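The values are calculated or read from the model by the stated rules, or taken from the named source; none is laboratory data. All figures in this text were calculated on a predicted structure; none of them were measured in a lab. Here the Cβ positions follow ideal geometry from the backbone for every residue, glycine too, while neighbour counts run over all protein chains shown.
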Amino acid sequence: MKIKGFYNSKIYVYGKGIIKTSLLVEEGKISKIDEDIKREELLQFGEEFIVIPGFVDKHIHGANGSDFMNPSQEDLRTISTAIAQEGTTSCLATTMTQSLENIGNAVANIAEYMENKPFGVEILGIHLEGPCVSKRVAGAQPPEFIIPCDKEVLDSLNQKAKQKVKQVTLAYEENGEAVLEHLIQQGIVVSLGHSYCTYEQAKKAIDAGASSISHMFNAMSPIHHREIGLVGAGLVEDKVSCELICDLIHVSKPAVNLLFKAKGHQKICLITDSIEAKYMPDGKYELGGQPVFVKNNEARLKDGTLAGSTLKMNEAVRNFMKATGSSLTEAVDCATINPARCLHVEKKKGSIEVGKDADFVVIDKELNVIMTICRGEVVYSKK
């Protein structure tokens, strides 16, 4: 169902906060925001509901029994349909460290899906998480397929992806200097992650243009008072944004609050890092060809290593507010305009402004998702 807009509803309008106003949608874009708009066929929501921008999840592997590594169009449709329930309206399809053949097949499949421009949650591009990471902090990345940073390998994968790679997570200490500038020149976001680099190495990468840190605190060199590592770089380097899996399993409440106090809300990007087990019952699943065991919302490898999450974006926003005491708009920014800016898509995504895509989520006071709208079309409505 296509919508024509909202009438006299509480809307989080960028630069103005949450105000009671009306809004028009034309051809999938926000065409007007004004109190004096007439009601004609517009949606109206009561005081207990708020219209906010659609969530942008720039690090997600899968949901509802499907994974972006599966070279199947049906798997991508399944993920898209599932994550609309949590308010996500756009995302980066995130791959895993695997054989180059498997990664190549996955990115080719994602590129084909994107070119078909399907109904529903929009895939903005591909996030290559690996294979150029560190075996020392591999996390759930299969170590047998990890390689040093290699320009030819990354170029080959991007070619198979029809130039749709938007972000690469890499370990700078693993020959990262040889690829960083090359990636940035192509408009690709370089995110430091699964890395045991020193602070000086991280700072060098950030000064050279690395603009993101993948799942802050997890799978990286920790803080020591004489060597603050990648975690320390994330906290003190103002130019870099930090992804955060705010499920309060990957990170504790004090760690979330530490990040908030160090960075402010403008440089935090809430992500799910979710796997195929999201929206599925406890049991045995797969990530990167490895068995993953899910129990009580925790996804772990056989040895106990955390392996992605089952987190939903609206839950991440709720958890962030609980951990930090932030306002609703600050927390929402961490899931909308911040990742949009990080990915250089803020001119069309991430906030409710005239001219931008009509991507909305209607939430209640507990941050339950009532309705999700992608480019002016309702893709989820709570029954």
Exercise for the section: Those residues that are assigned to a loop (DSSP other than H, G, I, E, B) and either in contact with a helix residue (DSSP H, G or I) (Cβ under 6 Å, 6 or more places away or on another chain) or of a type outside the set (F, W, Y) (or both), I need them from segment 45-61; list them, please. Expected result: G46, E47, E48, G54, H61
Practice task
Taking V378 as the residue in question, decide whether it is surrounded by fewer than 18 Cβ atoms within 10 Å (Cβ to Cβ), of a type in the set (A, V, I, L, M) and not in a loop (DSSP other than H, G, I, E, B).
Solution key: yes
Exercise for the section: Mind listing whichever residues of segment 106-120 are surrounded by fewer than 17 Cβ atoms within 10 Å (Cβ to Cβ) and either acidic (D, E) or within 20 Å of the chain's Cα centre (by Cα) (or both)? Expected result: E112, E115, K117, P118, F119
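Being acidic (D, E), within 29 Å of Q266 (Cα to Cα) and touching a residue at least 40 places away in the same chain (Cβ under 8 Å): is that true of E27 here?
Criteria not met by E27.
Tell me, yes or no, whether segment 321-328 has at least one residue that is assigned by TED's automatic domain parsing to the domain that holds I123, crowded, with 16+ Cβ neighbours inside 10 Å and in contact with a Ser or Thr (Cβ under 6 Å, 6 or more places away or on another chain). Talk me through it step by step, then tell me what you get.
Here is the first cut: in segment 321-328, the ones assigned by TED's automatic domain parsing to the domain that holds I123 are 321-328.
After this cut, where a residue has to be crowded, with 16+ Cβ neighbours inside 10 Å as well, the list is 321, 323-324, 326, 328.
Adding the requirement that they be in contact with a Ser or Thr (Cβ under 6 Å, 6 or more places away or on another chain) leaves none.
The answer is no, given that none of the residues of segment 321-328 is assigned by TED's automatic domain parsing to the domain that holds I123, crowded, with 16+ Cβ neighbours inside 10 Å and in contact with a Ser or Thr (Cβ under 6 Å, 6 or more places away or on another chain).
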Exercise for the section: Please find, among E315, E286, E366, E298, the residue that is assigned by TED's automatic domain parsing to the domain that holds E26 and out of contact with any Phe, Trp or Tyr (no Cβ under 9 Å at 6 or more places or on another chain). Expected result: E366
Problem - Tabulated pairs, segment 114-138, first outside the structural domain of T88 (by TED's automatic domain parsing), second part of a strand (DSSP E or B) and surrounded by fewer than 19 Cβ atoms within 10 Å (Cβ to Cβ), C-beta under 7 angstrom, 6+ apart or interchain - result: none
Handout entry: Residue in segment 197-208 that is surrounded by fewer than 24 Cβ atoms within 10 Å (Cβ to Cβ), polar (S, T, N, Q) and without any contact (Cβ under 8 Å) to a residue 40 or more places away in the chain present
Key = yes
